[in-house]
Amino acid sequence: MGPELLDQAASLRDLVSPARGGRTNLLHFEAAIDCAERLNLAGYPGPALELVDSVITALPPESDSYRIRLEVQALRALMLSFCDSACLQRAARCM
């Protein structure tokens, strides 16, 4: 399960990259949220955080619910990595 998830995360990062020229739709972000969640559950918080950080910047401004859901996965990844201070700082920025 691990290698497939890591491959999927890499594919999603490429898919949502700015080089695609705006051809990203919200379903791509839905898939990124799902992949980040599965990475966290499988014990890969580092790749989950990398995925979230790489796709969250490409979100359209009106996509608040997707931004919140991605941030939840980022906070979960930081918590699972025992990065309590970074988790609290990121949570404070979200408010």
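Among the residues of the stretch 37-95, those identified as within 27 Å of Pro3 (Cβ to Cβ) and either open to solvent by 80 Å² or more (accessible area, probe 1.4 Å) or among the basic types (Lys, Arg) (or both) are Arg38, Leu41, Glu50, Thr57, Arg69, Arg76, Met79, Phe82. Against the test of being aromatic (Phe, Trp, Tyr) and within 17 Å of Cys94 (Cα to Cα), the options Tyr44, Tyr66 yield a single qualifying residue, Tyr66.
Taking into account only those residues within the stretch 13-36 that are modelled with pLDDT under 90 and touching a helix residue (DSSP H, G or I) at 6+ places or on another chain (Cβ under 8 Å), which is surrounded by the fewest Cβ atoms within 10 Å (Cβ to Cβ)? Walk me through how you get there before you give the answer.
Taking the stretch 13-36 first, the residues modelled with pLDDT under 90 are 13-28.
Imposing the further condition that a residue be touching a helix residue (DSSP H, G or I) at 6+ places or on another chain (Cβ under 8 Å) reduces the set to 13, 15-17, 24, 26, 28.
Values: Arg13: 18, Leu15: 15, Val16: 23, Ser17: 14, Thr24: 18, Leu26: 12, His28: 17.
Among those that are modelled with pLDDT under 90 and touching a helix residue (DSSP H, G or I) at 6+ places or on another chain (Cβ under 8 Å), it is Leu26.
The values are calculated or read from the model by the stated rules, or taken from the named source; none is laboratory data. Note that the structure is a prediction, hence the values are computed from the model and not measured. As a convention, Cβ positions derive from the backbone with ideal geometry for all residues, glycine included, and neighbour counts pool all protein chains shown. Only protein heavy atoms, including side chains, enter the accessible area calculation; ligands, DNA and RNA are left aside. Shrake-Rupley method; radii C 1.70, N 1.55, O 1.52, S 1.80 Å.
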